[in-house]
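Scroll down for the structure; my scribbles are underneath it.
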Amino acid sequence: MRAFFIINTLLLSIILSFSATAQETDEQLLLKSFHSISSGDISDWMSELCSPKYNGRLAGTPEYMASAEWVARKFKEWGIKPAGDSGSYFQWFDQPFTVVNDIGSLQLNIPQKDGTTIVKSYQAPADYYPGMNSGSGEVTAEVVFVGYGMTAPELNYDDYRGIDVKGKIVLMNRDVPYKDVRNPEYAKWVKYCYHQYKVENAARHGAVGMLYIDGNSANPNISYIDSMIVCGIGPVPLADIFAGLGKNNSTVTAQIDKSLQAYSFSTGKIMTIKTNTTRHTEGRTCNVVGIIEGSDLVLKNEAIIIGAHLDAVGNAGGLLVAGGLDNASGVVDIMAAARALTESGIKLKRTVVFLFTGGEETGLRGSKLFVASPLFPIEKTVMYVNLDMVGNGTGLALSASSSCAALTQYFITANNRYIHRPMKVSADEGSFYGRPRSDGLVFLANGYRTIAVYTTDGVKPVWYHLPGDNETAVTPEIMEDVAKLIYLAFTEIANADPLNY
Ligand SMILES: [Zn+2]
């Protein structure tokens, strides 16, 4: 009996010491990989993705594909398995694209009393930005202001009501007059905020040109219509169009926003827009998908997905936007976290999916494709985490859907324990509707628990869709910490049993 007791005690202490060692080892493993995430690698990968050889990674182009192949090679090198079509890393879809051959031109034609015309020419990109999905050609016509360019009978709102734009150039603002993104009412308006809709609606009403007050930056997210010449417009030509009318765009749109009543009018100004583009209808592009398969027989059927768009806005006639902050930063953060997760030696019970979407900038096409044919059923998906523009600043922010408020705790704990950055956490849908052109909203609207990770308190200027957005537009130190946060939180979430939703 006594011998049995001794053996039992011995066995128990062996088991106890073994599990104690195992625990220590797990912590050691966790920290070893944690410290292997370096801003040096992050900077190198940023420079690679911002390299001119990828030409701004426009979805559909061969240059985008070259960047997708580079990322896939990294996944392969790190032992992350392919989860795309036919055993590859790539999930393919059609993506026609437009090459902008030169920067074109924008002119104001001012008729004089003596019958002559004074021409005022504008400069790109300060005054205008060539339409990146514009038809090719030249149009000279009167400019008609059409508010937000939307026709919504169910909302009793129509910018084209009672105004003839046939053969004219329409001038319009981005977004919609209803601004309260946190109000459920906004859901009725959101479909009219999309650029593609606006250009299609202009063409439906017979316009032949479109001047878009869209931040005067690269925008391949408009519908290509052969007969429609499009260009983004900056403050100088905008002021010239309103000159002498006794109003300006700010006061007019403020009035529209307040009343939710359209207010459109002919400006009497004649402008000429010239574009030089080549349409490629044969374009194809892809998402890049890799997985770390879960090690637990049951829990491996549950997936945690993290994604970032790999595509950027391309190169308009020499105006190259390398897409550094938007969104090589998200891709590189995930790469660094992915390598640490696969190399840490800690077995992950659940499956982790890494998704780099293509065609985000051309209309959220990659994320829509992914949710239409998901790798894991939605009820087996823990959550989707989206990274878009995560590399400028000193603070961290999580915008979570209300459905995964509890899951944010894993990120908060990781930050408190190991990273110690200021971190803001919100759990409501409003922030997703406030960024309707981000992949996060696609997942949220399709019923996924969704978290968007951001960096805050920017320390560098943000060159949104402008040539300044290259590898110098990010701060590698915060990117290192985002990657570490993802790595730590995903390790915890993959292995939590039970998992707190
Ligand atoms: Zn983006």
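Summary table
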quantity: Candidate aspartates and glutamates - alpha carbon under 14 Å from LYS368, same-chain residues fewer than 8 apart omitted; calculated: ASP94, GLU360, ASP439
quantity: Theoretical FRET efficiency, 1/(1+(r/R0)^6), r = Cβ-Cβ of TYR263 and ALA187, R0 22 Å, to 0.05; calculated: 0.35
quantity: Degrees between helix 329-343 axis and first principal axis of the chain (Cα, 0 to 90, nearest 10); calculated: 20 degrees
quantity: Between segment 99-140 and segment 479-500, the Cα center-to-center distance that results, in Å; calculated: 51 Å
quantity: Difference of contour (0.36 nm per residue) and Cα-Cα distance, GLU492 to GLN409; calculated: 28.8 nm
quantity: Flagged links, alpha-carbon separation over 26 Å, of LYS32/LYS53; LYS32/LYS380; LYS347/LYS424; LYS32/LYS460; LYS74/LYS460; LYS81/LYS349; calculated: LYS32/LYS53; LYS32/LYS380; LYS347/LYS424; LYS32/LYS460; LYS74/LYS460
quantity: Neighbourhood charge, 15 Å Cβ-Cβ cut-off, centred on LYS300 and excluding it, Lys, Arg +1 and Asp, Glu -1; calculated: +1
quantity: Centroid-to-centroid separation of segment 56-82 and segment 157-236 [C-alpha atoms, Å]; calculated: 33 Å
quantity: Cα-derived Rg to Rh of segment 99-279, Kirkwood definition; calculated: 0.96
quantity: Mean residue ellipticity (222 nm) of the chain, computed from DSSP H runs ≥ 4 via -39,500 (n - 2.57), nearest 500; calculated: -9500 deg cm²/dmol
quantity: Rough spin-label spacing in nm, given labels placed 7 Å along Cα→Cβ, for SER86 and ALA243; calculated: 5.9 nm
quantity: In degrees, nearest ten, helix 62-77 long axis to first principal axis of the chain (Cα); calculated: 10 degrees
quantity: For ARG57, ARG161, ARG339, ARG437, order by how many other beta-carbon atoms lie within 10 Å, fewest first; calculated: ARG161, ARG437, ARG339, ARG57
quantity: For the chain, with +1 on Lys and Arg beta carbons and -1 on Asp and Glu, the positive-most of LEU297, ASN446, LEU238 along the dipole; calculated: ASN446
quantity: Count of lysine pairs in segment 94-245 with Cα separation under 19 Å (8 or more residues apart, or interchain); calculated: 6
quantity: Computed Rg/Rh of segment 209-335, alpha carbon atoms with Kirkwood Rh; calculated: 1.14
quantity: The chain: antiparallel DSSP beta bridges as a percent of all, rounded to 5; calculated: 55 percent
quantity: Residues of type aspartates and glutamates that LYS258 reaches as a straight line, Cα spacing below 14 Å, ignoring anything fewer than 8 places off in the same chain; calculated: ASP180
quantity: In nm, spacing of pseudo-spin labels at SER121 and THR25 (7 Å Cα→C-beta vector); calculated: 7.3 nm
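Coordinate-derived values only; no laboratory data. All values derive from a computational prediction rather than experimental measurement. Methodologically, a virtual Cβ is constructed for each residue, glycine included, from the backbone with ideal geometry; neighbour enumeration extends over all protein chains shown.
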